[in-house]
Amino acid sequence: MSSSLPIGVFDSGIGGLTVLKALIRRLPGEDFLYLGDTARLPYGTKTAATVERYAQQAVYALVRRGVKAVVVACNTASAAALPALVAGNPGLPIIGVIEPGAAAAVAATRTGQIGVIATEGTVRGGAYQREIQRRLPRAQVTAVPATLFVALAEEGWTEGEVALAAARRYLEPLFSNGATAPDVLVLGCTHFPPLTGAIQAVAGSAVRIVDSAHTTAEVLADLLVDARLTSAEADGVCQFLVTDGEERFARVGPAFLGRAISAGEIERVNL
């Protein structure tokens, strides 16, 4: 497999751009091919079987274009589909965001009380709970579905009273009991980091917010070195594929990626 091939990254929509941002920062010489399945967003309210099918179609689309590794930058897809994706693509390195996020949470906690906010599908599947307790058996993990955050992030409503009201609705019960309140809160959906300000305001300044993007980037960097797949380029490039809404992706995406996205960088595809 050529080291000059791009790294594929996919998400149900725009949220995975927060992971892509961390990957670019950690691996500036790599090329990336990002696929957002914007026509079928959100994944978090769908059944595991449906999410697995969508994820397989997304990875197949990336593989057809030629990628040397794939990052599943979607917590719901990581929870529902990662084993099937790995089994169906032998020889292709594929990583998700849940294991790196769980590892970061365990490293950050002092009390063992860990909160997770995620989509309904991720919470229902229990992937974060299992991965955290596998690493730290004494951990007490409380997972809360916060599905509305996805829509708020996609609309760009990440600040102000609407974002704060949603954060209070989801988080106040989690942090109401000081004795058992988490000291670490995992953002278990890649759409959630733009809402960090509102989330931190409700959780309190003493609570560590864990975003799996940075840890995922470190895992990918190590994987590329071990597989001798690192690129020798000085500056990588990004291409973006979406299944719907190119204009909206170009308009909202920069809030997640941290830079402008031009219409010429985006291509619509069918899965």
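Stretching the chain fully between S4 and E267 yields a gain of 92.6 nm (0.36 nm per residue, less the alpha carbon separation). Note on segment 98-212: Cα Rg divided by 2.2 N^0.38 Å, N the number of residues, gives 0.97. Each Lys or Arg adds one and each Asp or Glu subtracts one; over the other residues with Cβ under 10 Å from the Cβ of T38, this totals -2. Between the helical axis of 48-65 and the longest alpha-carbon principal axis of the chain there is an angle of about 30 degrees. Taking amide H as placed 1.01 Å from N in the peptide plane, the amide H of R208 sits under 5 Å from that of V184, L185, each at least 5 places away or on another chain. Evaluating 6.51 cos²θ - 1.76 cosθ + 1.60 at θ = phi - 60° for every residue in segment 232-242, the Karplus couplings come out as 9, 5, 7, 9, x, 10, 10, 10, 10, 10, 9 Hz, glycine and proline recorded as x. Using a simple spin-label model with pseudo-atoms 7 Å out from Cα toward Cβ, L164 and A255 lie 1.7 nm apart.
A simple rule links phi to the HN-Hα coupling: the Karplus curve 6.51 cos²θ - 1.76 cosθ + 1.60 with θ = phi - 60°, which for segment 9-15 gives 9, 9, 8, 5, x, 8, x Hz, with x for Gly and Pro.
Hey, can you grab everything whose amide H is under 5 Å from the amide H of I94? Only 5+ residues off in sequence or another chain; H modelled, so Pro and N-termini drop out. Those lying under 5 Å, H to H, from I94 are V70. Across the chain, the longest piece that holds none of the GluC sites (Glu not before Pro) lying in DSSP loops with up to 14 other C-beta atoms within 10 Å covers 1-158.
With K and R counted +1 and D and E -1, the other residues having a Cβ less than 14 Å from that of V186 yield a net charge of -1.
With equal scatterers on the alpha carbons only and no solvent term, can you work out the Debye log10 of I(q)/I(0) for segment 149-235 at 0.20, 0.23 1/Å? Those come out to -0.90, -1.08, one per q.
When shorter helices are ignored and each DSSP H run of at least 4 residues is given -39500 (n - 2.57), the per-residue value for the chain at 222 nm works out to -14000 deg cm²/dmol.
The order of S176, S12, S231, S4, going from fewest to most other C-beta atoms within 10 Å of their C-beta, is S176, S4, S231, S12.
Less than 14 Å from a label point 7 Å out along the Cα-to-Cβ axis of T180: which backbone N atoms in segment 92-132 qualify, by residue? 113-115, by backbone N distance to the label point. Using only Cα coordinates, the Kirkwood hydrodynamic radius of the chain works out to 18.5 Å. For the chain, the longest piece that avoids every one of the trypsin sites (Lys or Arg not before Pro) found in DSSP loops with at most 12 other C-beta atoms within 10 Å covers 1-109. Going by a ≥ b ≥ c, the root eigenvalues of the Cα gyration tensor, does segment 201-271 fall in the rounded group (a/c under 1.5), the prolate group (a/b larger than b/c) or the oblate group? Here segment 201-271 falls in the oblate category. Computed over segment 92-147, the quotient of the alpha carbon radius of gyration and 2.2 N^0.38 Å is 1.11.
FRET efficiency for the V225 to A39 pair, using the beta carbon distance and R₀ = 41 Å, is estimated at 0.70. Report the net charge of residues surrounding Y54, where surrounding means a beta-carbon distance below 14 angstrom and charges are Lys +1, Arg +1, Asp -1, Glu -1. Counting the neighbours of Y54, the net charge comes to -1.
Calculation over all alpha carbon pairs of segment 1-134 in 5 angstrom steps from 0 returns a P(r) of 2, 11, 20, 23, 20, 14, 8, 3, 1, 0 percent.
Bear in mind that the values in this text are calculations on the coordinates, not laboratory data. Just so we're clear, the structure is a prediction, and the values are computed from it rather than from any experiment. We place every Cβ from the backbone using ideal geometry, glycine too, and count neighbours over all the protein chains shown.
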